[in-house]
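Peer 1: Here it is: the structure, laid out below.
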Amino acid sequence: MALDLGSKTIGLAIADTGHQIATPFDTIRRKKFALDAAQLADIIAREDIGGLVVGLPLNMDGSEGSRVQATRAFIRNLAQLAGFPALPVLLWDERLSTAAVERTLLAADTSRAKRATVIDKMAAAFILQGVLDYLNN
């Protein structure tokens, strides 16, 4: 499962069992960490997830800023949470993923309202597809 962590939402995507195709899955509206983690743990258990790919929001020059620190803190807090499944986590460079998805949605003439509801989970799918393509080539 891929996570696209934002300040207001967490976009989710999952892969098929053959690890070929990433599919947008859901968007979690962030509330409090404990509630977000519980919702995520429920999805992980229900979907039998074996690992997490988390988008790493590097700056365009490759440096790490405050968003990277927040992403690392989120992962660290999940790992320390009692009862949260112990899963392998891969951090994947997500630079321009949202921009690429936005361009695709605009090219498909998707309304602004519809784009707002799907962009996060589609960005997660874009991130996950990058990992799958890398692993399969």
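The values are calculated or read from the model by the stated rules, or taken from the named source; none is laboratory data. Please read these numbers as outputs of a predicted model, since none were measured by experiment. FYI the Cβ positions are ideal-geometry reconstructions off the backbone, even for glycines, and counts take in every protein chain you see.
Peer 1: Return the pairs, sorted by first residue and then second, in which the second residue is polar (S, T, N, Q), the first residue lies in the range 45-65 and is assigned to a loop (DSSP other than H, G, I, E, B), the beta carbons are less than 6 Å apart, and the residues are 6+ apart or on different chains.
Peer 2: From the range 45-65, the pairs are 65/59.
Peer 1: Mind listing whichever residues of the range 1-29 are at pLDDT 95 or above and not in a strand (DSSP E or B)?
Peer 2: 1, 20, 21
Peer 1: Next question, about the same structure. Quick one: would you say residue 42 is surrounded by fewer than 16 Cβ atoms within 10 Å (Cβ to Cβ) and of a type in the set (Asp, Glu)?
Peer 2: Details: surrounded by fewer than 16 Cβ atoms within 10 Å (Cβ to Cβ): yes; of a type in the set (Asp, Glu): yes.
Here the answer is yes, as residue 42 does meet what is asked.
Peer 1: Just checking, how many residues over the range 74-94 are of a type in the set (Gly, Ala, Ser) and at pLDDT 95 or above?
Peer 2: Adding up the residues that qualify gives 0.
Peer 1: Further question on the same structure: State all residues of the range 78-137 that are assigned to a loop (DSSP other than H, G, I, E, B), without any contact (Cβ under 8 Å) to a residue 40 or more places away in the chain and within 23 Å of residue 62 (Cβ to Cβ); if no residue qualifies, say none.
Peer 2: Correct list: 95, 96, 137.
Peer 1: For residue 36, only one of the following conditions fails: (1) among the charged types (D, E, K, R); (2) more than 19 Å from residue 120 (Cβ to Cβ); (3) in a helix (DSSP H, G or I). What is its number?
Peer 2: (2)
Peer 1: Now for a different question. Where residues in the range 24-37 are surrounded by 14 or more Cβ atoms within 10 Å (Cβ to Cβ) and hydrophobic (A, V, I, L, M, F, W, C), which of them is nearest to residue 5 (Cα to Cα)? Walk me through it before giving the result.
Peer 2: Step one: filter the range 24-37 for residues surrounded by 14 or more Cβ atoms within 10 Å (Cβ to Cβ), giving 24-28, 30, 36-37.
Next, from what is left, pick out any that are hydrophobic (A, V, I, L, M, F, W, C): 25, 28, 37.
Working: 25: 14, 28: 10, 37: 12 Å.
Once the filter is applied, the top-ranked residue is 28.
Peer 1: Could I ask something else about it? Return the residue satisfying two criteria in turn: it lies in the range 60-78 and is within 17 Å of the chain's Cα centre (by Cα) and more than 20 Å from residue 31 (Cβ to Cβ), and of such residues it is surrounded by the fewest Cβ atoms within 10 Å (Cβ to Cβ). Give the steps one after another, and end with the answer.
Peer 2: Just the residues of the range 60-78 that are within 17 Å of the chain's Cα centre (by Cα), to begin with: 67-78.
So of that shortlist, the ones also more than 20 Å from residue 31 (Cβ to Cβ) come out as 68-69, 72.
Working: 68: 15, 69: 10, 72: 14.
The extreme case among them is 69.
Peer 1: Here's a check for you: in the range 88-128, which residue that is small (Gly, Ala, Ser) and under 14 Å from residue 13 (Cα atoms) is surrounded by the most Cβ atoms within 10 Å (Cβ to Cβ)?
Peer 2: Only one residue fits best here, namely 124.
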